[in-house]
Structures are given as structure tokens and as C-alpha cells.
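A.B. asks: Quick one: this structure, given as C-alpha cells, is what I'll be asking you about.
The values are calculated or read from the model by the stated rules, or taken from the named source; none is laboratory data. Predicted, not measured: the structure shown is a model, and the values here were computed from it. For neighbour counting, all protein chains shown are included, and Cβ atoms are generated from backbone atoms with ideal geometry for every residue, glycine included. Calculation scope for accessible area: heavy atoms of the full protein, side chains included, ligands and nucleic acids excluded. Shrake-Rupley method; radii C 1.70, N 1.55, O 1.52, S 1.80 Å.
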Amino acid sequence: MSNSSTLKDSRLYWSSFSPFVRKVIVAAQELGPDVADKIECISAGEYALTGKGAIPIATKIEIDDYNPSGRIPTLILSNGKSIFGSQAIVQYLDFVAGGAKLFNEGEARFDDLVLESLADGIMESALLLRYETTLRPEALRWNQYQTGLLSKITRTLASITPSSTQKPHFDLPDPSASQLGAGAIALASALWYLSLRFSALVDWKKDPELKEWAEKVFERESWKRADAMKPRDA
């Protein structure tokens, strides 16, 4: 049974370049208009320190009022309750939609959660690499740290690349399923961000099966609607 009425007048602080926000938006769209249309997206906006959005060395007052870490995505319900962290928000959206839509039931649920965690690990490493290579003063950058982050990304990608023999290895979910799961959404969001920021460093498209899988996800209506969304300013 759906509880989506609890999302009425809710607000989601976001950045269009955040892979974690992309995951939440696509998840909401996969759950349909009863969920997606009740959430108002609000831009995380300009930050006083750099003007480059949500970064670890600056926060925004409006977000801090609801999320002490100042991170996005942050979902604010109409009753003032806040839910933050993409995993928590996605699970909440699945709950209000009636449950067992973005996640399998029983033990299979943990397959979804593990794939989501793998994808989140790629996103976390990629964001840290982005900060290290664009925000940290060049004289203070640590090449070994950058190499380590890149290694985490490529090693994790190998674990889900169909042609790879790396162990452990994880199967790709069906990209054409009637309902895309949280793990698949997270993985597609990670691949999208790598193409956006690190296409020269991480060429995941060289594997034809992974490339085909991602293209099928990117052609879903939920992804296209996420592409077209424009948040309002806070």
C-alpha cells in the first residue's frame, strides 16, 4: 500500500552534477508520478567560499538547518523531518511507494544493497578525486592519493564488467526490467558521473557489454525525465 501522501510538499536539495542526487531523482522517477511529482527539487545554489556548489569546505545555511553535514541530497518532508544520504532517501522513497519496488524481497534484497554499495563506492572515490584535482591547490596535491582513488574506481568497475574475470564478480541487473532496482540505478549514476568528469581517465565504455547495458538504462523514461529536470533556486 502506498504512503506517498507523506511526500506532499517535500523538498529535495540537489545539484545537477551530483551522482548521488542523480540516483535519488532516477529512483523517484522509476517509482512513478505518485512519488516523483510530490518532490520539489531545490538547487543547492552558490556557496560563498568558491561559488562551485556543494563541496566539503563550504556549506549552505539552508541545508545545514536540516542536515548537520551540509551534504546533498537532503530531503525535507512537510513536517520538517529530514532524511539525508542517498541510500536512506532511496529506501524511504521505496517505503512510501509501498515497498519491494526498488529492492527485492527476502535475502535477494542484499544483492541490491551490495550492488548499490559498490556503485556508491565508485561515486565517493570519483568525487574525492574531483575535489583533489580541481579544488586543492596544485602545490598541495598528492599524486599517490589520486592514484589510490583511481585504483578503487577501476577495481570496482572490473568487478561488474561482464568480460572481466576479477573476483569477486557481480552480475549486471536487467536494464530493460519493468522496474529498475536501486543497485542498477546507482551503478548507472556512477557510470554517468565518470563520463561527465573523468572520461579521459576511466574508459568504461571500452567494454561493449557494459556500454550496451548503460545505454539501455540511459534510454529509460526515468533517466530522460531526470535529464530534463530543472530545480528552482532556494
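A.B. asks: Just checking, how many residues over the range 170-219 are assigned to a helix (DSSP H, G or I) and open to solvent by 80 Å² or more (accessible area, probe 1.4 Å)?
C.D. replies: 7
A.B. asks: Looking at the range 220-234 only, could you name the residues that are buried (at least 16 other Cβ atoms within 10 Å of the Cβ) and assigned to a helix (DSSP H, G or I)?
C.D. replies: Correct list: Ser222, Trp223, Arg225, Ala226.
A.B. asks: Filter the range 70-89 down to residues that are open to solvent by 40 Å² or more (accessible area, probe 1.4 Å) and either under 22 Å from Ser189 (Cα atoms) or outside any loop (DSSP other than H, G, I, E, B) (or both), then give me how many there are.
C.D. replies: Number of matching residues: 4.
A.B. asks: Say whether the condition of being of a type outside the set (Asp, Glu), open to solvent by 40 Å² or more (accessible area, probe 1.4 Å) and not in a helix (DSSP H, G or I) is met by at least one residue in the range 141-152.
C.D. replies: Yes - at least one qualifying residue is present in the range 141-152.
A.B. asks: So, of the residues in the range 90-112 that are over 13 Å from Thr6 (Cβ atoms), among the hydrophobic types (A, V, I, L, M, F, W, C) and in a helix (DSSP H, G or I), which turns out to be modelled with the highest pLDDT?
C.D. replies: Among them, the one singled out is Val90.
A.B. asks: State the number of residues belonging to the range 1-44 that are among the small types (Gly, Ala, Ser), closer than 17 Å to Ile63 by Cα and open to solvent by 20 Å² or more (accessible area, probe 1.4 Å). Talk me through it step by step, then tell me what you get.
C.D. replies: Within the range 1-44, the first condition is being among the small types (Gly, Ala, Ser), and the residues that meet it are 2, 4-5, 10, 15-16, 18, 27-28, 32, 36, 43-44.
If we keep only those that are closer than 17 Å to Ile63 by Cα too, we end up with 10, 15-16, 18, 43-44.
Filter once more, keeping what is open to solvent by 20 Å² or more (accessible area, probe 1.4 Å): 15-16, 43.
So the answer is 3.
A.B. asks: Another one. Is there any pair with a first residue in the range 154-182 that is small (Gly, Ala, Ser) and a second that is open to solvent by 30 Å² or more (accessible area, probe 1.4 Å) and outside any loop (DSSP other than H, G, I, E, B) whose Cβ atoms are under 7 Å apart and which are 6 or more apart or on different chains, and what are they?
C.D. replies: Sorted first by the residue in the range 154-182, then by its partner, the pairs are Ser159/Leu118; Ser163/Glu209; Ser176/Lys216.
A.B. asks: Please tell me if Asn67 is under 18 Å from the mean Cα position of the chain (by Cα), modelled with pLDDT under 95 and closer than 27 Å to Ser5 by Cβ.
C.D. replies: Taking the combined requirement at face value, the residue satisfies it.
A.B. asks: From the set of residues in the range 115-140 that are of a type in the set (D, E, K, R) and out of contact with any helix residue (DSSP H, G or I) (no Cβ under 8 Å at 6 or more places or on another chain), which is most open to solvent (accessible area, probe 1.4 Å)?
C.D. replies: Only one residue fits best here, namely Glu138.
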